[in-house]
Amino acid sequence: LHLIPLPALADNYIWLLHDDEGDAIVVDPGDAEVVEAALSLRHLRLRAVLLTHHHPDHVGGAASLQQHHAVPVYAPVDERITSATERVGDGDRIELASPAVRFEVRAIPGHTLSHVGYLGNGLLFCGDTLFSLGCGRLFEGTPAQMLSSLGRLAALPGATLVCGGHEYTEANGHFASQIEPDNELLQVRRQQVAQLRADRQPTLPVSLASELATNPFLRVDTEAVTAWCRRRGVIGDRVARFAAVRAAKDVFNG
Ligand code: ZN
Ligand code: FE
């Protein structure tokens, strides 16, 4: 299988996954033309579309692709996603013949209430829930919900490749260093990210193991994040610490 992040819109990635026979799926096609161009260039047949959540930058191209390619569009149960042909929820399995891929659906509310992730073939398509060095904004869910969702993802095997929906890594890294200035693995990752971006390369996918070592939103139980919270007068449980880090990111201008 070949995994390709297609840059789209301002800073989205549409994930393209295809086999050597030319059968492909895409995840979160915010722009149909980007997908059509990639399919033509690589001589691929589109077989399915997977959607993680209802935001236009993730679903905007799905209806057009569905019409032109007559493919199933998998999406969570949410009436705001009108292009869906198959509805999926937590624990559901998706099995495709070509490309030969299997995904398990995980409910991961927080960014939006109906947000799902797709897990399979060592890949995690997590939309706007988990980014490299960051996580999605809480538009609909509570900090407790998002922390629980991130906890479900954090429990996956460390070799899992995180395929998030946006190229936010450089800015996220700047913020992460404010939280954990002494995290050496974070510094190494930020240098790698700076080089990738200088070469116009994507910083995703990234291994979950790397994120567990560097992403402050996955590290609310560490001494470093707890100490940062204490300095800011945040005393309380892990949900309070997560909420404090998320709120600080919301107003961070780096
Ligand atoms: Zn979103
Ligand atoms: Fe988005």
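The values are calculated or read from the model by the stated rules, or taken from the named source; none is laboratory data. All figures in this text were calculated on a predicted structure; none of them were measured in a lab. Cβ placement follows ideal geometry from the backbone for every residue including glycine, while neighbour counts extend to all protein chains displayed. Side chains are part of the model used for accessible areas, which takes the heavy atoms of the whole protein and leaves out ligands, DNA and RNA. Shrake-Rupley method; radii C 1.70, N 1.55, O 1.52, S 1.80 Å.
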Cα centroid separation, the stretch 207-224 to the stretch 58-112 (Å): 29
5 angstrom amide H check on ASP90, placed H, neighbours 5+ away: ALA107
Nearest-10 value in Å² for the accessible area of PHE131, using the 1.4 Å probe: 10
Solvent-accessible area per residue for the stretch 120-165 (1.4 angstrom probe, square angstrom): 30
Cα-centre dipole for the chain with unit charges at Cβ (Lys and Arg positive, Asp and Glu negative), debye to 20: 700
Against the rule of thumb 2.2 N^0.38 Å, how large the Cα Rg of the stretch 34-108 comes out: 1.10
Accessible solvent surface per residue of the stretch 1-66, calculated while the other protein chains remain in place, 1.4 angstrom probe, Å²: 38
Signed unit charges on C-beta, dipole axis of the chain, positive-most listed residue LEU50, ALA37, GLY165: GLY165
Cleavage-rule hits (trypsin sites (Lys or Arg not before Pro)) in the stretch 80-160: DSSP loop, at most 15 neighbouring Cβ within 10 angstrom: ARG80, ARG137
The chain, relative contact order in percent, only Cα pairs under 8 angstrom and at least six apart counted: 13
Under-5 Å amide H pairs with THR52, H placed in peptide plane, nonlocal only: ASP28
Farthest toward positive dipole pole in the chain [+1 Lys/Arg, -1 Asp/Glu at C-beta], among VAL77, GLY236, VAL188: GLY236
Cα point-scatterer Debye curve for the stretch 44-194, base-10 log of I(q)/I(0) at q = 0.10, 0.16, 0.17, 0.21 Å⁻¹: -0.38, -0.92, -1.01, -1.37
Integer Hz, Karplus 6.51/-1.76/1.60 couplings in order for the stretch 107-124, x for Gly and Pro: 6, 9, x, x, 4, 10, 6, 9, 4, 10, x, 10, 10, x, 6, x, 10, 10
Label point distance in nm, LEU3-PHE139, each placed 7 Å from Cα along Cα→Cβ: 2.4
Length-normalised contact order of the stretch 1-73 in % [C-alpha pairs under 8 Å, at least 6 apart]: 27
Mean projection area, nm², convex hull over Cα of the chain: 12.9
Accessible surface of the chain [probe 1.4 Å, protein heavy atoms]: carbon and sulfur percent: 50
Mean Cα-pair separation over length for the stretch 193-254, i.e. relative contact order, pairs under 8 Å, 6 or more apart, %: 21
GLU170-GLU79 FRET efficiency (beta carbon distance; Förster radius 45 Å; 0.05 resolution): 0.80
In order through the stretch 201-212: 3J(HN,Hα) via Karplus (6.51 cos²θ - 1.76 cosθ + 1.60), integer Hz, x for Gly, Pro: 9, x, 8, 10, x, 9, 6, 4, 4, 4, 5, 4
